[in-house]
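A short worksheet on the structure shown next.
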Amino acid sequence: MSKTFELETLKIRMGDADLGQLDLHQRVQRAMRALILDGVLLPGLKLPATRSLADSLDMARDTVESAYTQLHRDGFIVRRQGSGSYVSETIGTPLRGRASRCARPLEQERSVPVAGAGLSRRGQAIVDGGGITDQQTIRAFATGLPETRTFPTDVWERLQRQALKDYRASVLLHGDPQGAEPLRKAIATYLNLERGAKVGAEQIVVLSSTRQALFLCAQLLVDAGRPVLLENPGYFGARKAFESAEAKVLPIDVDAQGIRTDLLRADRSGATCVYVTPSHQYPTGVTMQLERRLDLIRWAFESGRWIIEDDYDSEFHYDGMPTACVQGLDKYARTIYIGTFGKTLYPGLRMGYMALPQPLVRPFVQARSIMDGHTPQIQQLTLARFMEDGHYNSHVRAMRKLYAGRREVILESIGKHLAGIVTAPRPQGGMQVPCLLEPGWSEEDTIRCAATAGVLLQGLSRLYAGEHRQPGWLLGYASLTAYEIEAAVLRLANALRKP
């Protein structure tokens, strides 16, 4: 550690990008404070006079004086009449041995990995498992993105102004953790009429997203180290939610009729719940047949398990009428229903919901109150009016027609340009097409090759558990125009077929 004041070290710290937006005197003060805390400037060290330091830094003396004054007020330095300014003796050197690195730019210091960062076992598991990356721009072929460029923002803005006028300052206060009552009523009405559910507004909990719903399920329904059953292949976010709660994820295979209930009945793990996507299985796109749905419900009742039904994009069913949700068929009330507005409206809305069996409402609301309190009230009240006035159903119908046409375009483009590379089973609905790679093609290589052509491919294999992993891609198409779809498929084909 330095026994003298090191001017060059101070200049390096002042050049840190984090300080770039601050006034000059703040940059001097923050840089000196950091050097003191790091043990570079030792307790008792005499600092340069303000005039001398100002000349060395080529700045006004008042600038340095302002920095010294703030350091003195905060207790980092002491100023003695007729003697000068000194680093406070009460400031220890908490990070001894670090001074040898301090002459390097701060960006280099930050690049050094810190071992033993003090995380809990659960926290370290989350870091080791990695997060989830959402696509923040429209790009071929990002999955889960709806059409947003034609969203009726004028209608939304008008309804939001009405809500602000009617509710005034009350929308600026904390909201009900369960959700605004007008929106809960609108959601319950929609589910009962459109999805064949049997639910009251008192069973609805408004949340920020499907992921938050799954995180709550993981926290409240599965103890650490205990098993939970998930579809195989299945939604990556569901697996992450349960793994972050230290649950043991057990895969249950899916076939052409949905999750295999014979495997559920053979399970002896003691799992308390099963996660399913019956209306449009993710990622295969199959729809769980009615016989399987009824068997799933009987299994849950007989064994005392919970069914977590993720109905993430059931509104977009193109071949015939969509199948009624499991929740509406479940006379035993063992089903937890999860829905989202991120697919039907736009992902930036950050709003989803759960329809819960009555005994679970209070526990989930209390847990939600701890997590983030509530969803912004003005957004909830605007959405409630959007639904009450019929705009929601109109928008969903328009998007269903639009996406059905885009599905035809992408299937035709795949058959035309990617024959011999992938086969694409025709999905009955949804916003993406699963593509299965033909023998001889590597999923990893094709994804890397596509990236060079500016095309984003999500691999299928990572959605599988166990040894059997189907190589392929998921191609999202809902957010792309017909021209964008065909152009991107052609670009992808040309990139893959380059010698």
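The values are calculated or read from the model by the stated rules, or taken from the named source; none is laboratory data. Keep in mind the model is a prediction, meaning the values are calculated, not measured. Here Cβ is always computed from backbone atoms with ideal geometry, including for glycine, and neighbour counts include all displayed protein chains.
Does A186 qualify as being buried (at least 16 other Cβ atoms within 10 Å of the Cβ), farther than 28 Å from R407 by Cβ and either modelled with pLDDT of 90 or more or not assigned by TED's automatic domain parsing to the domain that holds Q281 (or both)? When the stated conditions are applied, A186 passes them. With respect to the conditions (1) modelled with pLDDT of 90 or more; (2) surrounded by 15 or more Cβ atoms within 10 Å (Cβ to Cβ); (3) among the hydrophobic types (A, V, I, L, M, F, W, C), A49 lacks only one, and its number is (2). In the set D267, D319, D262, D253, only one residue is more than 24 Å from C435 (Cβ to Cβ) and touching a residue at least 12 places away in the same chain (Cβ under 8 Å); that residue is D267.
Look at (1) modelled with pLDDT under 90; (2) surrounded by 14 or more Cβ atoms within 10 Å (Cβ to Cβ); (3) of a type in the set (A, V, I, L, M) and you find that I77 fails only one, number (1). Looking only at region 294-310, which residues are over 15 Å from I252 (Cβ atoms) and in contact with a helix residue (DSSP H, G or I) (Cβ under 8 Å, 6 or more places away or on another chain)? L294, I297, listed by residue number. Selection of helices (runs of 4 or more DSSP H) fully inside region 331-450 by the criterion of at least 2 residues being of a type in the set (S, T, Y) and buried (at least 18 other Cβ atoms within 10 Å of the Cβ) returns 391-417. Residues that are surrounded by fewer than 22 Cβ atoms within 10 Å (Cβ to Cβ) and part of a loop (DSSP other than H, G, I, E, B) within region 246-263 comprise E246, A256, Q257, R260, listed in sequence order.
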